[in-house]
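Peer 1: Mind looking over this structure? Questions follow.
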Amino acid sequence: MNKLPALVLVFAAGCFIDPPAPCSNPEDGCVPPPVDEIEVLTTTSNLDLLLVVDDSPSMIEKQTAFRAALPALIEQLATLEGGVPNLHVAVASSDLGTSALDGQTGPSIGQAGNGGCVGTGKAGAFQLGSATLLNEDDRFLVQGRNGAKNFEGDLATLIGQMSTLGASGCGFEQPLAATHAALSNPGNANFLRPGANLAVIVLSD
């Protein structure tokens, strides 16, 4: 508490000190202008897209609206140089039951499958909703610019099926913790690619 007034006085005193004039010759006693550091970002055509969907009892209408908006999202991705990126798309639920980040779980609340919260819920495991992938062991969508993909049909339609998780999940939503759980769950291996861009969309109310 005693340090705050001193800090304010130092700041106020600094406001009345004229900054040294920049110059091109430091030998004259002036200060050269600062050099801005520029960070060069590496561009990539790979995008790992994680959708974290709230599947609590109030979410049916929101999931329906999100599904209707997906074609517009794909259209925006198509405007990128080279078109829609090489995609990995996965969906996780915000239902982590009564678990905490330290691994502890609290007592169950309500009935599982009916808005209740039990144990670790869906634990960040990738969800497919009503979607079907060509390989039954796959847990996320893959589409490459070379035409390779692990599903049939329209991209926006399939993502809509994946992200429609219903409304029976835990009403104590944990979307940020679910993001962490999804990206660290060993069962979701190979979703994240080295050097790929990662985008996370949270759908929740």
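Peer 1: Round to a whole angstrom and tell me the spacing of the C-alpha centers of the range 46-85 and the range 144-199.
Peer 2: Their Cα centres are 10 Å away from one another.
Peer 1: What's the extension gain from E61 to Q111 if we count 0.36 nm per residue and subtract their Cα-Cα distance?
Peer 2: On the way: separation 50, 0.36 × 50 = 18.00 nm, distance 2.22 nm.
My answer for the length gained is 15.8 nm.
Peer 1: Sticking with this structure for a sec: Just subtract the alpha-carbon distance of E75 and T44 from 0.36 nm times their residue separation and send over the number in nm, one decimal.
Peer 2: 9.3 nm
Peer 1: If you filter the range 115-201 for GluC sites (Glu not before Pro), then keep DSSP loop positions with at most 10 other Cβ within 10 Å, what is left? All intermediate terms of the calculation are to be shown ahead of the outcome.
Peer 2: Numbers: sites: E136, E152, E173; in loops: E136, E152, E173.
Within the range 115-201, the qualifying GluC sites (Glu not before Pro) (loop, at most 10 other Cβ atoms within 10 Å) are E136, E152.
Peer 1: Limiting things to C-alpha atoms, what are the Rg and the maximum Cα-Cα separation (Dmax) for the range 43-101, in angstroms?
Peer 2: In Å, with Rg to one decimal and Dmax whole: 14.8, 44.
Just so you know, all these numbers are worked out from the coordinates, no wet-lab data involved. Remember, predicted model here, so these are calculated numbers, not experimental data. Cβ atoms come from the backbone with ideal geometry, glycine included; neighbour counts cover every protein chain shown.
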